[in-house]
Amino acid sequence: MSTIFDLQITVQPEHIDALGHVNNVVYMQWMQQVAGAHINQLGLGLKQYLELKHAMVAVEHHVQYRKPAFVGERLILRTWLSDLNALYSTRQYVFYRPQDQAVVFVGNTKWACVEIASGRSKRMSPTFIQAYQPLVAELNPMDFSQCYLAEAK
């Protein structure tokens, strides 16, 4: 079963653009980083993708930059799965700055299941469907008083 997954990061100088705040491309990299860490926790990382001969690939992103983030700030990168069908899953993201309790970024990604050898769409295997369950309604992913931190690797 899926759940909320948090990854804590500190904004580094290399994340900053010419305007002095985190570059928009970095947010996309963080989306990939936290999604990858979450699927590893769910037991479906790259090794399992290769063994199963199919994988989830991003097909669509929607992002909203709410507030700038700056070097030295600590952020919580939060993700969870919100929807699932035989071919697609949807992953949500909220990046939160605890210092001022601000949501700095929200987004979502539509992921498609594909056969690795051909790149063609494939129905998800039972292994994928079991691991990629949407978040249970009882959990509020916008409640940052609850912590779901994982260790950064």
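The values are calculated or read from the model by the stated rules, or taken from the named source; none is laboratory data. From a predicted model like this one, the values you see are computed outputs, not experimental measurements. Every residue, glycine as well, gets a Cβ built from its backbone with ideal geometry; the counts of neighbours run over all protein chains shown. What goes into the accessible areas is simple: the full protein's heavy atoms, side chains included, and nothing from ligands, DNA or RNA. Shrake-Rupley method; radii C 1.70, N 1.55, O 1.52, S 1.80 Å.
The table below gives the values:
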item: Matching residues, region 30-59, being open to solvent by 80 Å² or more (accessible area, probe 1.4 Å) and not hydrophobic (A, V, I, L, M, F, W, C); result: 32, 33, 40, 41, 47, 51, 53
item: Boolean, residue 145 is modelled with pLDDT under 95, assigned to a loop (DSSP other than H, G, I, E, B) and surrounded by fewer than 17 Cβ atoms within 10 Å (Cβ to Cβ); result: yes
item: Of all residues in region 1-29 being within 16 Å of the chain's Cα centre (by Cα) and in a helix (DSSP H, G or I), the one that is surrounded by the most Cβ atoms within 10 Å (Cβ to Cβ); result: 27
item: Residue match in region 87-101 (condition: open to solvent by 70 Å² or more (accessible area, probe 1.4 Å) and within 17 Å of residue 134 (Cβ to Cβ)); result: yes
item: Pairs where the first residue, in region 108-122, is free of Cβ contacts under 8 Å to residues at least 40 places away in the same chain and the second is assigned to a loop (DSSP other than H, G, I, E, B), C-beta under 8 Å, 6+ apart; result: 121/87
